[in-house]
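Just below is one structure, and these are the notes that go with it.
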Amino acid sequence: MENLDVMVLRQLRDWRLDGRRAMLATVVRTWGSSPRPVGSIMALAEDGAVVGSVSGGCIEDDLIARHSRLGQAEMPSGAPVLVKYGVTADEAHRFGLPCGGTLELLLEFDPDAARLAELVAELEAGRLMQRTVRLADGEVTLAPSDAPAELVIDGTVLVNTFGPEYRMLLIGAGQLAEYVATMARFCGFAVTLCDPREEYRGSWQVPGVQLSTEMPDDAVRAFRPDARTCVVALTHDPKLDDLALLEALDTPAFYVGAIGSRRNAQARRERMIEHFEQTEASLARLRGPIGIYIGSKTPSEIAVSLMAEILAVKNGVRLPREMEVAMAKAQQGVAAS
């Protein structure tokens, strides 16, 4: 799978380029519990087709009924409209919102096809983009952005930042890497696997993953990790992992880590300090052992714990240190396998 926002915008672009009427809905505010965060988007075509989500499904059903021929309605035209759902307890129950949950949407009718095409092209090229909507008439302006930003809305404009896909560079093929790559793909990551060892790489079976035969440190440099990138070493081989990890630590990658026991993680740090002029401070971002403790024993369960940690870091969740220690103990046997 790919970045959900890009999927929504690409489909909306295609509908509009085909001359079909369509609407873009954006979650702009939430109060209490909400099924989807601020900034979430969905697109609705005049025939009732939907891509993306702003709730668990009930609000989508209401939008289809109100704004498409499938609901025996005509999609309106004109300036964007703000609508609220879940203001009362009855509405929250009707629309499937958690108790006390309320959300507000901005509905844009027939977004400009040329602007959508421009935005999608920039995102597909890997650029972070800021989309500004003038509330008075729906006019859209686009501008490059230096960093991800929260959605902002005031009395005159909506500003939403859209980013390219999150990326994952896996170092080392094998069963665990296959599980991690599969989960990462379903979570919207573009995945690249690097392994110069033909005996490991030759049996790779996960579709949609780009393969690299370079030495891992060269692959990291070529990958050019940014703030939407994670680098994960899974080989247990210092000749392959160490230099790649050092290269990754010298980038803005949001996550850099390596599998292995607590003992092996400590040995890795000592090697890097002794032979590569590193310090405890320069290695502060290096994660290892990796994963959230869930009592995992098998490669598939270890992949779940690893992917959970990556997503937690991506989403800004602070992980308790005791979880990391427990995971280290659980991985004692994994490092030796």
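Assorted remarks:
- Solvent exposure of the range 110-250 as accessible area per residue, Å², 1.4 Å probe: 46
- Size descriptors for the chain (Cα atoms only): Rg and Dmax, in that order, 22.8, 72 Å.
- A run of the chain free of exposed loop cleavage sites, with trypsin sites (Lys or Arg not before Pro) counted only in DSSP states other than H, G, I, E and B and at most 12 other beta carbons within 10 Å, reaches its longest extent at 1-296.
- FRET efficiency, 1/(1 + (r/R0)^6) with R0 51 Å, evaluated for D154 and M215 via beta carbons: 0.50
- Cβ-defined net charge surrounding R271, 12 Å radius [Lys, Arg +1; Asp, Glu -1]: -2
- Carbon and sulfur %, accessible surface of the chain computed with the full protein complex present, 1.4 Å: 51
- Taking every full run of DSSP H in the chain, the ones that stretch at least 18 Å from end to end by Cα along their long axis and average 0.0 or higher on the Kyte-Doolittle scale are 4-17, 299-314.
- Contact order normalised by residue count of the range 193-261, Cα under 8 Å, 6+ apart, percent: 31
- In the elastic network of the chain, a GNM with C-alpha springs shorter than 10 Å, the most mobile of P196, P207, P225 is P207.
- Where GluC sites (Glu not before Pro) in DSSP loops with at most 16 other Cβ within 10 Å are excluded, longest remaining stretch of the chain: 3-73
The values are calculated or read from the model by the stated rules, or taken from the named source; none is laboratory data. Remember, predicted model here, so these are calculated numbers, not experimental data. Glycine gets a Cβ as well: all are built from the backbone with ideal geometry, and neighbour counts include every protein chain shown. Each accessible area value is taken on the protein alone, full model and side chains, heavy atoms only, with ligands, DNA and RNA left out. Shrake-Rupley method; radii C 1.70, N 1.55, O 1.52, S 1.80 Å.
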